[in-house]
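Pasting a structure here, questions to come.
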Amino acid sequence: MPTRTLNVSLAERSYPILIGEGLIDDPRSVLAHLAQKRVAVVTNTTVGPLYLRRFVRGIEAHGVQALEVVLPDGEAHKNWQTLNSVFDALLAARCERATTLIALGGGVVGDIGGFAAATYQRGIPFIQVPTTLLAQVDSSVGGKTAINHPLGKNMIGAFYQPRLVLADTATLDSLPERELCAGIAEVVKYGLIRDAAFLDWLEANMTRLLARDREALAYAIVRSCEHKAEVVAGDEREAADRALLNLGHTFGHAIESGVGYGAWLHGEAVAAGSVLAAELSCRMGMLARADVERIRALFQAAHLPTRAPALGVERYLELMGHDKKVRAGRVRLVLLRALGAAFVTAEFSHDMLAEVLSHCTGNG
Ligand code: NAD
Ligand code: GLY
């Protein structure tokens, strides 16, 4: 399959997204974006043994000096201690302002690495090499970087765009099935918020995606990145439409922190959270019941949870109150008017929200 190049248009901070097979073995695109012949490659204990040597060998062959920084794996480590360990490594190796930080891994490595790049010496060049489906379709694109706080998901961070996103689709071969499914949740999200035809395609091709059919995966990644690039180009800092990318996330982030970071995967929480958003949209008379069932069936076909855990209505509301979309103390939610048409609103029925949180969570 030929490599596809998309562009995130952000004036002087524009950058390419390369999507193709075997890209981590080809150093040319990375070399073209380096400010000096020094990089720090941040990865984790799972991705490192699989891909770090292969990736670094290619760039070192061109005289680039590479510092390797290997983090513990997991959402539970997306915190200050891990971030600080990146700074420790960069400082100990005397990395400079022109040293490029390269994040090689999933969304956790990308979010921590991006935040480290945004803040080390007030900002150093940054490249994303995403190796999970979720990171290839969503987290590596758009410049959101963050760590978690015990009181809320991704609460500490920065908008900081990479100079290049290099998505090697062949790395998905080694991805555990549960992680593949979690990534599909974010793919479905693009269909739900802005592309009903893509939802039709996903329904027709879910079996191929789960079987890791290369052509189907490549199409899903390219289509998702096209959507993400367009949304980010129109609203980099989430003043308006970028918030739509948060469908299911206000509920989902509450699930992730409520059950303890790492117990539910981000994509799983987004799937169950999107069903709650659809339920509320339906009870408010906007979305047809049949559409809610279609959404549920699509997530189920992707082996994703469609019922959020029972945290209790009060706990949900408390956690949702920490959402970054909260404005003047009011929670704002992404809801659906139809499949492929989302909107953000603070004008929802709080009684209905409580009803949804009470009746549509737990073992039912
Ligand atoms: P992850 O980074 O934890 O990766 C999932 C697991 O797969 C990890 O165990 C990882 O080590 C492993 N892994 C990664 N690549 C692999 C490969 N090729 N083969 C085998 N194993 C591999 O999780 P994720 O789903 O990639 O990302 C979730 C994170 O992304 C969350 O913290 C979420 O908040 C964040 N996120 C950020 C944005 C954004 O815009 N910045 C968007 C969506 C999600
Ligand atoms: N994943 C949501 C965003 O990038 O805005």
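Could you tell me whether Leu180 is away from ligand 2 (no atom under 14 Å from the Cβ), closer than 17 Å to Ser139 by Cα and either touching a Leu at 6+ places or on another chain (Cβ under 8 Å) or without any contact (Cβ under 8 Å) to a residue 40 or more places away in the chain (or both)?
yes
Are there any pairs, at least 6 apart or on different chains, whose C-beta atoms fall under 8 Å, with the first in region 242-271 and closer than 21 Å to His77 by Cα and away from ligand 2 (no atom under 15 Å from the Cβ) and the second of a type in the set (Ser, Thr, Tyr) and outside any loop (DSSP other than H, G, I, E, B), and if so, which?
Cβ pairs passing all conditions: Ala254/Tyr316; Gly258/Tyr316.
If you scan region 149-167, which residues turn out to be more than 9 Å from ligand 1 (Cβ to nearest atom) and assigned to a strand (DSSP E or B)?
His149, Gly152, Met155, Ile156, Ala158, Phe159, Leu164, Val165, Leu166, Ala167
Filter region 131-142 down to the residues that are outside any helix (DSSP H, G or I) and under 9 Å from the mean Cα position of the chain (by Cα), then identify the one that is farthest from ligand 2 (Cβ to nearest atom).
That would be Ser140.
Could you grab me the full set of residues in region 280-290 that are in a helix (DSSP H, G or I) and buried (at least 20 other Cβ atoms within 10 Å of the Cβ)?
Those that are in a helix (DSSP H, G or I) and buried (at least 20 other Cβ atoms within 10 Å of the Cβ): Leu280, Ser281, Cys282, Arg283.
Here is a follow-up. Within region 298-320, can you find the residues that are assigned to a helix (DSSP H, G or I) and touching a residue at least 12 places away in the same chain (Cβ under 8 Å)?
Selection gives Leu298, Phe299, Ala301, Val313, Arg315, Tyr316, Leu317, Leu319, Met320.
Which of the residues belonging to region 113-162 are modelled with pLDDT under 95 and of a type in the set (Gly, Ala, Ser)?
The one that is modelled with pLDDT under 95 and of a type in the set (Gly, Ala, Ser): Gly152.
On to the next question. Search region 12-22 for residues being out of contact with any Lys or Arg (no Cβ under 8 Å at 6 or more places or on another chain) and within 17 Å of Phe126 (Cβ to Cβ), and hand back the single one that is surrounded by the most Cβ atoms within 10 Å (Cβ to Cβ).
Ile17
Right, another one. Of Glu68, Glu21, which residue is charged (D, E, K, R) and touching a residue at least 60 places away in the same chain (Cβ under 8 Å)?
Unique residue meeting the criteria: Glu21.
What's the number of the only condition in (1) in contact with a Lys or Arg (Cβ under 7 Å, 6 or more places away or on another chain); (2) away from ligand 2 (no atom under 12 Å from the Cβ); (3) β-branched (Val, Ile, Thr) that Val231 fails to meet?
(2)
For (1) within 16 Å of ligand 2 (Cβ to nearest atom); (2) assigned to a helix (DSSP H, G or I); (3) among the β-branched types (Val, Ile, Thr), each residue gets a yes or a no:
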{"position": "Arg94", "(1), (2), (3)": "no, no, no"}
{"position": "Arg97", "(1), (2), (3)": "no, no, no"}
{"position": "Ala103", "(1), (2), (3)": "yes, no, no"}
{"position": "Gly113", "(1), (2), (3)": "yes, yes, no"}
{"position": "Ala118", "(1), (2), (3)": "yes, yes, no"}
{"position": "Val129", "(1), (2), (3)": "no, no, yes"}
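Answer yes or no: is there a residue in region 265-279 that is part of a helix (DSSP H, G or I) and surrounded by fewer than 20 Cβ atoms within 10 Å (Cβ to Cβ).
No, region 265-279 has no match at all.
Would you check if Leu265 is under 15 Å from the mean Cα position of the chain (by Cα), within 12 Å of ligand 1 (Cβ to nearest atom) and within 27 Å of Val326 (Cα to Cα)?
yes
Could you pull out every one of the strands (runs of 3 or more DSSP E) wholly within region 1-92 that has 2 or more residues that are over 20 Å from Ala167 (Cα atoms)?
Strands (runs of 3 or more DSSP E) meeting the threshold: 65-71.
The values are calculated or read from the model by the stated rules, or taken from the named source; none is laboratory data. These numbers were taken from a predicted model, which means no experiment stands behind them. Every residue, glycine among them, receives a Cβ derived from its backbone with ideal geometry; neighbour counts consider all protein chains shown.
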